[in-house]
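First up is the structure itself, then whatever we jot down about it.
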Amino acid sequence: QAPTDVVKALVNPALQILNDKSTPLKERQDKLRQLVSGDVFDYTAMARSALGLHWKDLNDQQRQEFTRVFTAFLRDSYISRIQDFSVQQVNYLGVSELDAGRSEVKTTVDQGNGKAPIQLNYMLRQDGGKWLIYDVTVDNISIAANYRNQFNRVINNQGFDTLMSDLKRKQQGLEDELGTPH
């Protein structure tokens, strides 16, 4: 599949779920969770990028635990806000090759209600012939870089263990709010 096909296979069903206001919120949240839990995202690459230089200081067990908690936090933090999303249309503006095996799919999201469109770009990398999303930019701000700035500050001031306990606490709050299993 081409990078744009991978993004469309994620975004188009997500759009249907978001706009289906007749289905109860909890059911829509569950459908979205299933959709983004598939093998479309490279959550390990996202976690590594979010930790930046601190990734190399961790052992394998810490990396795996951080990736697991960060993935759940990232997924649930967006799912918890789906009732706030109103999407009229997604416009696919094209794909740019960043370098061998890495591409960017550019889109705009029309929100309706006179709101300005949101520029939403998906960064993908090829892994074993399959394209995986490793970052998303919202109005040119990288999600991974945004978390990296926050996480770097916590790790530098209070250490990795504090970051993990904070992240676990926030994730626990999201799970409680969403009613998902711990």
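All of the numbers you see were taken from the coordinates with simple rules; none came from a lab. Keep in mind the model is a prediction, meaning the values are calculated, not measured. For neighbour counting, all protein chains shown are included, and Cβ atoms are generated from backbone atoms with ideal geometry for every residue, glycine included.
Assuming R0 = 25 Å, what is the FRET efficiency of Asn12 and Ile82, from their Cβ-Cβ distance, to the nearest 0.05?
So the FRET efficiency works out to roughly 0.95.
Averaged over all directions, how much area does the convex hull of the C-alpha atoms of segment 62-133 cover when projected, in nm²?
6.7
With each pseudo-label sitting 7 Å past Cα toward Cβ, what's the Glu177-Asn146 distance in nm, one decimal?
1.4
Taking K and R as +1 and D and E as -1, what net charge do the other residues with C-beta under 11 Å from the C-beta of Arg125 add up to? All intermediate terms of the calculation are to be shown ahead of the outcome.
Details: positive: Arg102, Lys130; negative: Asp42, Asp99, Glu104, Asp127, Asp135.
With Lys, Arg at +1 and Asp, Glu at -1, the neighbours total -3.
Tell me the volume per residue, in Å³, of the convex hull enclosing the alpha carbons of segment 82-182. Numbers along the way, then the final one.
On the way: hull volume 17.4 nm³, N = 101.
Value for segment 82-182: 172 Å³ per residue.
Two decimals is fine: what is log10 I(q)/I(0) at q = 0.23 Å⁻¹ for segment 1-64, from a Debye sum with one equal scatterer on every Cα and no solvent?
Debye intensities relative to I(0), on a log10 scale: -0.93.
Find how much the distance from Arg169 to Asn91 grows on full extension, using 0.36 nm per residue of separation minus their present alpha carbon separation; answer in nm with one decimal.
Numbers: separation 78, 0.36 × 78 = 28.08 nm, distance 3.68 nm.
Difference between extended and current length: 24.4 nm.
Could you give me the ³J(HN,Hα) list for segment 138-145, computed from phi with Karplus coefficients 6.51, -1.76, 1.60 and θ = phi - 60°, whole Hz, x at Gly and Pro?
Taking θ as phi minus 60°, the curve returns 10, 6, 6, 10, 6, 4, 4, 5 Hz for segment 138-145.
Quick one: grab the alpha carbon gyration tensor of segment 14-100, order the square roots of its eigenvalues as a ≥ b ≥ c, and give me rounded if a/c is under 1.5, else prolate or oblate depending on whether a/b is larger than b/c. Walk me through the numbers on the way to the answer.
Values: a/c = 2.96, a/b = 1.52, b/c = 1.95.
Oblate, since a/c reaches 1.5 and b/c is not below a/b.
What is the calculated FRET efficiency for Thr162 to Ser37, with r their C-beta to C-beta distance and R₀ = 35 Å, to the nearest 0.05?
It comes to 0.80.
Taking amide H positions as placed in the peptide plane 1.01 Å from N, state which residues far from Gln88 in sequence (5 or more) or on other chains have amide H under 5 Å from it.
When sequence neighbours closer than 5 places are left aside, the close amide H contacts are Asp110, Gln111, Gly112.
For n ≥ 4 DSSP H runs only, could you compute -39500 (n - 2.57) per run for the chain, divide by its residues and tell me the 222 nm figure to the nearest 500?
-17000 deg cm²/dmol
Grab the Cα-Cα distance for Lys130 and Gln1, subtract it from 0.36 nm times how many residues apart they are, and report the gain in nm with one decimal.
Once the chain is fully extended between Lys130 and Gln1, it gains 45.7 nm.
Please say if the chain is rounded, prolate or oblate, where rounded means a/c under 1.5 for a ≥ b ≥ c the square roots of the C-alpha gyration tensor eigenvalues, and otherwise the choice is prolate for a/b larger than b/c and oblate otherwise?
Because a/c hits 1.5 or more and a/b fails to exceed b/c, the chain counts as oblate.
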